[in-house]
């Protein structure tokens with residue numbers, strides 16, 4: 001977002017109950033706007049707050065199709081509000097990301113040649129982009145079909161702003177949505193009966209940028225959903241998103257039943273009796289240097305090979321390592337970023353170069369961790385390899 005009406009939005013927000021810490025200011029550093037500490041701010045300080053009564057509400061009197069998600073209801077309400085020239089939210093409307101911003105950065109507007117270019121480097125990435133584009137197209141069409149009075153261009157602009165900037169069940173929160181993302185030094189959102197507020201999770205020194213943590217998301221989806229990628233941040237490879245399993249034999253189906261008691265599992269049983277399943281997203285990750293605990297836990301459990309191992313919850317370390325390496329190698333082989341230089345990337349797509357390069361580094365680091373892992377060194381604690389009954 002540029003800064004052409006920050007002062008106006010800030011003044012308008014204060015009239016509605018917005019409070020911003022006196023030691024926080026909006027500044028432009030190296031051409032990028034962000035929120036900065038003008039004096040030291042200790043951990044646990046409330047950085048900003050906004051009253052719930054002043055939030056833009058959904059339209060309770062509108063009967064939506066069953067199972068319509070909140071963000072679509074909210075996008076509809078926002079589109080109706082912002083299409084009104086006398087809207088009390090007119091000031092905030094002027095600070096939304098523009099059509100041009102999304103057309104320059106979001107994969108929805110990429111040409112087929114641009115998507116195919118990425119597909120030659122990583123087919124999985126281009127498949128995710130195609131899935132994202134179909135989903136967005138469906139959402140835009142459903143809103144326009146539901147309310148034929150809405151302008152399609154406005155619907156697109158509002159929907160993308162909601163996807164980029166709204167907060168869970170609260171929607172747009174003026175000024176609180178102007179903090180840039182970091183997994184390392186983010187603030188956290190809280191809410192009580194009357195307000196939504198942001199709390200510092202670290203000590204900020206004078207001159208530090210104050211970051212907001214958007215939450216853990218697979219690095220492919222982060223780049224696709226937000227239209228940028230910062231390789232210096234912490235990133236995640238979500239095994240739930242990336243890998244799937246098939247249960248065929250009686251033992252594999254028994255193992256599947258056991259896994260459903262421990263993990264959120266998505267599954268489908270085909271006519272041939274096969275059970276195809278995968279871990280839900282947001283559970284098991286490959287991190288920058290090594291898997292998280294739940295990834296180790298899941299790969300151990302899915303590596304049981306006999307009734308006895310399942311009964312005693314014991315997995316031989318070599319099998320655990322082989323299974324983890326299998327996942328890592330499949331993901332690494334799909335990523336062909338080493339075969340192309342950044343100079344051959346169109347400027348518009350270069351953030352995907354940095355993303356794929358970061359993924360390759362993460363996969364190599366995780367592979368090294370697995371190869372070094374042994375029970376004696378403590379790299380894999382024994383309690384992660386042997387589960388108590």
Answer yes or no as to whether residue 41 is more than 25 Å from the chain's Cα centre (by Cα) and closer than 23 Å to residue 93 by Cβ.
no
The conditions are (1) over 18 Å from the mean Cα position of the chain (by Cα); (2) buried (at least 18 other Cβ atoms within 10 Å of the Cβ); (3) assigned to a strand (DSSP E or B), and residue 190 fails exactly one of them. Which is it?
(2)
Please go through the range 223-251 and give me each residue that is over 18 Å from residue 280 (Cβ atoms), part of a helix (DSSP H, G or I) and out of contact with any helix residue (DSSP H, G or I) (no Cβ under 6 Å at 6 or more places or on another chain), ordered by number.
226, 250, 251
Tell me whether the range 125-134 contains one or more residues that are in the same structural domain as residue 46 (by TED's automatic domain parsing), loosely packed, with under 14 Cβ neighbours inside 10 Å and in a loop (DSSP other than H, G, I, E, B).
no
From the set of residues in the range 319-344 that are in contact (Cβ under 8 Å) with a residue 12 or more places away in the chain and not in a helix (DSSP H, G or I), which is nearest to residue 217 (Cα to Cα)?
335
Going through the range 345-371 in order, the residues found to be in a helix (DSSP H, G or I), touching a residue at least 24 places away in the same chain (Cβ under 8 Å) and closer than 25 Å to residue 110 by Cα are 348, 349, 351, 352, 354, 355, 356, 357, 358, 359, 360
Residue pairs qualifying under the 9 Å Cβ cut-off, at least six apart or on distinct chains, with the first in the range 257-286 being touching a residue at least 60 places away in the same chain (Cβ under 8 Å) and the second being assigned to a helix (DSSP H, G or I) and surrounded by fewer than 18 Cβ atoms within 10 Å (Cβ to Cβ), are 281/221; 285/294; 286/365
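Could you tell me whether residue 65 is loosely packed, with under 14 Cβ neighbours inside 10 Å and either under 24 Å from residue 191 (Cβ atoms) or modelled with pLDDT of 95 or more (or both)? Before the answer, list the steps.
Values: loosely packed, with under 14 Cβ neighbours inside 10 Å: yes; either under 24 Å from residue 191 (Cβ atoms) or modelled with pLDDT of 95 or more (or both): no.
Taking the combined requirement at face value, the residue does not satisfy it.
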A careful count of residues in the range 305-326 that are surrounded by 22 or more Cβ atoms within 10 Å (Cβ to Cβ) and either outside the structural domain of residue 261 (by TED's automatic domain parsing) or modelled with pLDDT of 95 or more (or both) gives 1
When the residues of the range 70-88 are narrowed to those that are in contact with a helix residue (DSSP H, G or I) (Cβ under 9 Å, 6 or more places away or on another chain) and without any contact (Cβ under 8 Å) to a residue 60 or more places away in the chain, which ends up farthest from residue 143 (Cα to Cα)?
88
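So which of 17, 13 is in a loop (DSSP other than H, G, I, E, B), surrounded by 13 or more Cβ atoms within 10 Å (Cβ to Cβ) and modelled with pLDDT of 95 or more? Give the steps one after another, and end with the answer.
Working: 13 fails: in a loop (DSSP other than H, G, I, E, B).
Just a single option satisfies the conditions, and that option is 17.
The values are calculated or read from the model by the stated rules, or taken from the named source; none is laboratory data. Keep in mind the model is a prediction, meaning the values are calculated, not measured. Virtual Cβ from ideal backbone geometry, glycine too; neighbours counted across all protein chains shown.
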